[in-house]
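Notes for the one structure printed next.
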(Lines give C-alpha, C1' and ligand atoms only; values in the text may rest on other atoms or scores of the structure.)
Protein backbone atom coordinates (compact mmCIF):
# COMPACT_ATOMS: atom_id res chain seq x y z
CA UNK A 1 0.00 0.00 0.00
CA UNK A 2 1.13 3.46 -0.86
CA UNK A 3 1.67 6.31 1.55
CA UNK A 4 2.27 9.72 0.02
CA UNK A 5 3.34 13.15 1.11
CA UNK A 6 4.36 16.20 -0.86
CA UNK A 7 6.84 18.92 -0.08
CA UNK A 8 9.47 21.23 -1.47
CA UNK A 9 12.42 19.08 -0.40
CA UNK A 10 12.90 15.28 -0.69
CA UNK A 11 14.31 14.72 2.78
CA UNK A 12 13.85 12.43 5.77
CA UNK A 13 11.01 14.56 7.13
CA UNK A 14 9.03 14.17 3.90
CA UNK A 15 9.72 10.43 3.76
CA UNK A 16 8.60 10.18 7.38
CA UNK A 17 5.34 11.96 6.57
CA UNK A 18 4.67 9.49 3.73
CA UNK A 19 5.47 6.55 6.02
CA UNK A 20 3.07 7.86 8.67
CA UNK A 21 0.36 8.15 6.01
CA UNK A 22 0.95 4.55 4.94
CA UNK A 23 0.80 3.33 8.54
CA UNK A 24 -2.41 5.30 9.12
CA UNK A 25 -3.91 3.78 5.94
CA UNK A 26 -3.05 0.32 7.27
CA UNK A 27 -4.85 1.03 10.54
CA UNK A 28 -2.04 2.35 12.72
CA UNK A 29 -3.28 2.64 16.28
CA UNK A 30 -3.85 5.76 18.40
CA UNK A 31 -3.47 9.33 17.24
CA UNK A 32 -0.96 10.17 14.53
CA UNK A 33 1.57 11.59 16.97
CA UNK A 34 0.55 9.61 20.04
CA UNK A 35 3.18 7.82 22.12
CA UNK A 36 1.96 4.35 21.13
CA UNK A 37 1.25 5.03 17.46
CA UNK A 38 2.44 1.99 15.54
CA UNK A 39 1.34 -0.95 13.47
CA UNK A 40 0.04 -4.11 15.03
CA UNK A 41 3.14 -6.29 15.46
CA UNK A 42 1.44 -8.97 13.39
CA UNK A 43 1.44 -6.64 10.35
CA UNK A 44 5.13 -7.45 9.74
CA UNK A 45 5.70 -4.51 7.39
CA UNK A 46 9.00 -4.27 5.56
CA UNK A 47 9.91 -0.98 3.88
CA UNK A 48 12.51 -1.42 1.13
CA UNK A 49 14.53 1.54 -0.11
CA UNK A 50 17.85 2.48 -1.59
CA UNK A 51 20.70 3.61 0.67
CA UNK A 52 20.11 7.32 0.14
CA UNK A 53 20.58 9.81 2.96
CA UNK A 54 16.80 10.27 3.20
CA UNK A 55 16.32 6.70 4.42
CA UNK A 56 19.51 6.35 6.46
CA UNK A 57 18.94 9.54 8.45
CA UNK A 58 18.71 8.92 12.19
CA UNK A 59 15.31 10.59 12.42
CA UNK A 60 13.86 8.31 9.73
CA UNK A 61 15.34 5.08 11.11
CA UNK A 62 14.10 6.05 14.59
CA UNK A 63 10.61 6.63 13.16
CA UNK A 64 10.64 3.20 11.48
CA UNK A 65 11.49 1.54 14.79
CA UNK A 66 8.79 3.54 16.61
CA UNK A 67 6.16 2.56 14.04
CA UNK A 68 7.12 -1.11 13.96
CA UNK A 69 8.33 -0.96 10.36
CA UNK A 70 11.37 -3.05 9.44
CA UNK A 71 13.79 -1.31 7.09
CA UNK A 72 15.35 -3.16 4.17
CA UNK A 73 18.00 -1.78 1.85
CA UNK A 74 19.62 -3.19 -1.24
CA UNK A 75 23.30 -3.47 -1.98
CA UNK A 76 25.27 -0.39 -2.85
CA UNK A 77 25.26 0.16 -6.62
CA UNK A 78 22.39 -2.23 -7.36
CA UNK A 79 19.74 -0.69 -9.61
CA UNK A 80 17.48 -3.75 -9.64
CA UNK A 81 16.19 -3.70 -6.07
CA UNK A 82 14.51 -0.32 -6.52
CA UNK A 83 12.49 -1.33 -9.58
CA UNK A 84 9.10 -1.02 -7.87
CA UNK A 85 9.78 2.55 -6.78
CA UNK A 86 11.10 3.45 -10.23
CA UNK A 87 7.97 1.95 -11.84
CA UNK A 88 5.75 3.93 -9.48
CA UNK A 89 7.42 7.24 -10.29
CA UNK A 90 7.33 6.44 -14.00
CA UNK A 91 3.57 5.81 -13.73
CA UNK A 92 3.06 8.99 -11.73
CA UNK A 93 4.94 11.03 -14.30
CA UNK A 94 3.19 9.46 -17.32
CA UNK A 95 -0.34 9.15 -15.92
CA UNK A 96 -0.50 12.40 -13.94
CA UNK A 97 2.27 14.94 -14.30
CA UNK A 98 2.58 14.86 -18.09
CA UNK A 99 -1.19 15.31 -18.51
CA UNK A 100 -1.74 18.35 -16.30
CA UNK A 101 -0.63 21.96 -16.24
CA UNK A 102 -0.63 23.07 -12.64
CA UNK A 103 -1.26 26.67 -11.66
CA UNK A 104 0.06 26.26 -8.12
CA UNK A 105 1.88 23.91 -5.82
CA UNK A 106 -1.37 23.26 -3.95
CA UNK A 107 -3.12 22.23 -7.18
CA UNK A 108 -0.29 19.80 -7.98
CA UNK A 109 -0.40 18.35 -4.48
CA UNK A 110 -4.15 17.81 -4.67
CA UNK A 111 -3.96 15.99 -8.00
CA UNK A 112 -0.98 13.83 -6.99
CA UNK A 113 -2.47 12.82 -3.63
CA UNK A 114 -5.85 12.10 -5.20
CA UNK A 115 -4.17 9.86 -7.78
CA UNK A 116 -2.10 8.08 -5.13
CA UNK A 117 -4.89 7.39 -2.67
CA UNK A 118 -7.95 7.40 -4.90
CA UNK A 119 -6.69 5.63 -8.00
CA UNK A 120 -3.33 3.93 -7.41
CA UNK A 121 -4.22 2.17 -4.15
CA UNK A 122 -7.83 1.31 -4.97
CA UNK A 123 -8.17 0.93 -8.73
CA UNK A 124 -4.89 0.68 -10.63
CA UNK A 125 -4.13 -2.94 -11.43
CA UNK A 126 -0.55 -4.16 -11.06
CA UNK A 127 1.05 -7.01 -12.95
CA UNK A 128 3.11 -7.90 -9.86
CA UNK A 129 -0.13 -8.27 -7.84
CA UNK A 130 -2.06 -10.68 -10.07
CA UNK A 131 -3.58 -7.69 -11.92
CA UNK A 132 -5.28 -6.43 -8.75
CA UNK A 133 -5.08 -3.07 -7.03
CA UNK A 134 -2.85 -2.93 -3.94
CA UNK A 135 -5.91 -2.87 -1.65
CA UNK A 136 -7.57 -5.82 -3.38
CA UNK A 137 -4.31 -7.77 -3.43
CA UNK A 138 -3.70 -7.17 0.25
CA UNK A 139 -7.26 -8.22 1.10
CA UNK A 140 -6.98 -11.34 -1.07
CA UNK A 141 -3.64 -12.44 0.38
CA UNK A 142 -4.41 -11.51 3.99
CA UNK A 143 -8.19 -11.89 4.27
CA UNK A 144 -8.15 -11.79 8.06
CA UNK A 145 -6.78 -8.22 7.98
CA UNK A 146 -8.92 -5.66 6.22
CA UNK A 147 -7.00 -3.01 4.27
CA UNK A 148 -7.93 0.64 4.59
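At-a-glance table
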read-out: Test result for residue 48, in a loop (DSSP other than H, G, I, E, B), within 18 Å of the chain's Cα centre (by Cα) and at negative phi; value: no
read-out: Number of the exception - residue 83 against (1) over 22 Å from residue 9 (Cα atoms); (2) in contact with a strand residue (DSSP E or B) (Cβ under 8 Å, 6 or more places away or on another chain); value: (2)
read-out: Verdict on residue 108 being surrounded by 11 or more Cβ atoms within 10 Å (Cβ to Cβ) and at pLDDT below 90; value: no
read-out: Among (1) touching a residue at least 24 places away in the same chain (Cβ under 8 Å); (2) surrounded by fewer than 16 Cβ atoms within 10 Å (Cβ to Cβ); (3) touching a strand residue (DSSP E or B) at 6+ places or on another chain (Cβ under 7 Å); (4) part of a helix (DSSP H, G or I), the one test that residue 55 misses; value: (2)
read-out: Hits in segment 93-105 - residues which are in a loop (DSSP other than H, G, I, E, B) and either touching a residue at least 40 places away in the same chain (Cβ under 8 Å) or more than 21 Å from the chain's Cα centre (by Cα) (or both); value: 100, 101, 102, 103, 104
read-out: Subset tally (residues that are in contact with a helix residue (DSSP H, G or I) (Cβ under 9 Å, 6 or more places away or on another chain) and farther than 22 Å from residue 133 by Cα) for segment 76-107; value: 3
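This table checks each residue for (1) free of Cβ contacts under 8 Å to residues at least 12 places away in the same chain; (2) within 25 Å of residue 11 (Cα to Cα); (3) more than 16 Å from the chain's Cα centre (by Cα); (4) outside any loop (DSSP other than H, G, I, E, B).
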site	(1), (2), (3), (4)
65	yes, yes, yes, yes
70	no, yes, no, yes
76	no, yes, yes, no
89	yes, yes, no, yes
107	yes, yes, yes, yes
110	yes, yes, yes, yes
113	no, yes, no, yes
124	no, no, no, no
137	yes, no, no, yes
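The values are calculated or read from the model by the stated rules, or taken from the named source; none is laboratory data. Quick caveat: nothing in here was measured; it's all calculated off a predicted structure. Cβ: placed from backbone, ideal geometry, glycine included. Neighbour counts: every protein chain shown.
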